[in-house]
1. Within segment 414-449, which residues are surrounded by fewer than 22 Cβ atoms within 10 Å (Cβ to Cβ) and of a type in the set (A, V, I, L, M)?
2. So, restricting to helices (runs of 4 or more DSSP H) that lie completely within segment 1-120, which ones have at least 1 residues that are surrounded by fewer than 20 Cβ atoms within 10 Å (Cβ to Cβ) and modelled with pLDDT under 50?
3. Do we find that Asp138 is modelled with pLDDT under 95 and acidic (Asp, Glu) in this structure?
4. Inspect segment 450-463 for any residue being of a type in the set (D, E, K, R), crowded, with 18+ Cβ neighbours inside 10 Å and either more than 23 Å from Leu360 (Cα to Cα) or in contact (Cβ under 8 Å) with a residue 60 or more places away in the chain (or both) and give the result as yes or no.
5. Would you mind stating whether Ala294 is out of contact with any His (no Cβ under 9 Å at 6 or more places or on another chain), closer than 16 Å to Thr351 by Cβ and modelled with pLDDT of 95 or more?
6. Condition check: under 20 Å from Gly470 (Cβ atoms), assigned by TED's automatic domain parsing to the domain that holds His137 and under 15 Å from the mean Cα position of the chain (by Cα). Does Ile435 satisfy that?
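The values are calculated or read from the model by the stated rules, or taken from the named source; none is laboratory data. None of these values were measured; they are calculated from a predicted model. With ideal geometry, Cβ positions are generated from the backbone for all residues, glycine too; neighbour counts draw on all protein chains shown.
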Amino acid sequence: MFGELRAERSYFSYTVFVLFLFGGCDSEIQDAGFGETYQEYCASCHGEKLQGTGIGPALIGRDLEHGDTVEAMRFTIEKGFPEKGMPAWDGSLDDGVVQGLAIYIADVREGRGEYFDFQVVDELLSIPADIIESEVHDFRLEVVSDEIHKHPFSIAPMPDGRVLVTEKTRGLRIVREDGSVSDILEGTEPNASGLLETVDDFLGDEDQPYITTNGSVMDVALHPDFKTNGWIYLHVSDNCDSCALNDESGTMNKLVRGRLQDELWVDEEVIWQASPEDYYTDFTADQGAGGRIAFDGEGFVYISLGIRHYYERIQDLSYPDGKIHRIHDDGQIPTDNPFVNVAGAEKTIWTYGHRSPQGLEYRKKTNQLWGTEMGPRGGDELNLLSPGKNFGWPLYSKGLNYDMSPVNFGKELGIEFTMDEIEQPVYDFTPSPAIASFIFYEGDQFKEWQDDIIVGSLAGSNLYRLVLEGDRVVHKETLLSRLARFRDVEMGPEGQIFVLLEHTKGSKIAKLVPEDRTPTRKTL
């Protein structure tokens, strides 16, 4: 089994948390030796910037003869081509270094030469005016509002044309049809503390949109029967004064719901809240907390809760951290949850072993819950979240730790496991673009994208389309590249695709507007 219930806290836990916080919890921070290792072993032949030399060919600006996936490049590094002058490094370098070199080269090939680079933050966010041609649909971007704070998290398009938006350290606002934005709705403001709003606070770059805080507002979602019941759900990081054990102050995820009365927040109810002993009474950063909401249309709501601090909690079923939770939309616990009859386990757990689950959606076509999750350096995932499954963190990842070592914290935690106990991702986004929110497209405005996944990335600053056959990704297309941090993607009531573009010079909400074209489905 995966660890004893209520594992002891340890010095190891604190050390890992510091690495997580300052070493890149959004899958976006620190080179930590990857670039230096390339310079040591590869630059003399392939050039300091991968541009090639008289000894070895360029690794950028062209197709690679033996494949450009991380797996293909790893094989090339390991086996070499001695007849062409490239040595085999198998046996000379350990597995982590070989994998790290392949990940680094893949990162640079995708335009991320410096891993500590949140991208496109130095200038004002400019929305392209031209029509964008994709493989099967042409579209343009139309700005819905340019009055959004630099640290937003989520949007929820409403049936009347308005859009709800959460701003992490401020609360819930309403974007009116003319693009103007309401004041923060009273009663939705977080109790934020320990706030570091930019990387300048600890790494000296005031333009980077990094933020750590105890207490924030994360996802917002409308109940599937919103037109009838008016319920709006908020997933928050609850930084409270006396809700932890022994009436201490503490922090933990919480799900609430309320209604709008004009532009007032009313009727708030708590739907899910952790036990007092599960609240953190020491500092814990919200950026790995997950914070997403999904409904299945059958009366259940799902929430994602990532790693907040202690790694040993993730595999321990008696803690809520690192789990996807399933509850009735009124807060009752379903009697058919996978661990409801397991002694000592949290009764709401649906899946476990999650690191930083940034996207959560229900696929109506197949009645399945899916999620996206950030890995460390590499290892971003698209997962099919079948009940009771273990998704492996921090025992295993296809990515690497920031020191280029394999992810294998099971040894330190005293957890024994076999790989057949770990659920593998449907799709591995290595090198990691810091994968974020997504939707299954179910509208009529982009008919050839039916049931495709539209997913954004943060550090990669791209918007992707993934084509599925059954439960398998068979094609990936980049719809928008290096525009902004795609913090959220949502579908509107008329099939519109809305994107929340996070940017330190001012964030924006935009929507994809289809342009006339006779589409032809891409042959895969």
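1. Ile415, Met419, Ile422, Val426, Ile439
2. It comes to 11-22.
3. The answer is no for Asp138.
4. Within segment 450-463 (the criterion being of a type in the set (D, E, K, R), crowded, with 18+ Cβ neighbours inside 10 Å and either more than 23 Å from Leu360 (Cα to Cα) or in contact (Cβ under 8 Å) with a residue 60 or more places away in the chain (or both)), the answer is no, since none of the residues qualifies.
5. So Ala294 fits the description; yes.
6. Values: under 20 Å from Gly470 (Cβ atoms): no; assigned by TED's automatic domain parsing to the domain that holds His137: yes; under 15 Å from the mean Cα position of the chain (by Cα): yes.
Criteria not met by Ile435.
Per-residue answers, yes or no, for (1) in contact (Cβ under 8 Å) with a residue 12 or more places away in the chain; (2) within 30 Å of Ala192 (Cα to Cα):
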residue: Asp68; (1), (2): yes, no
residue: Gly85; (1), (2): yes, no
residue: Asp94; (1), (2): no, no
residue: Gly111; (1), (2): yes, no
residue: Leu124; (1), (2): yes, yes
residue: Asp130; (1), (2): no, no
residue: Ser134; (1), (2): yes, no
residue: Ala156; (1), (2): yes, yes
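Residues checked against (1) β-branched (Val, Ile, Thr); (2) under 30 Å from Tyr362 (Cβ atoms); (3) in contact (Cβ under 8 Å) with a residue 60 or more places away in the chain:
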| site | (1), (2), (3) |
| --- | --- |
| Val217 | yes, yes, yes |
| Phe226 | no, yes, yes |
| Trp231 | no, yes, yes |
| Ser237 | no, yes, no |
| Ser242 | no, no, no |
| Leu245 | no, no, no |
| Glu248 | no, no, no |
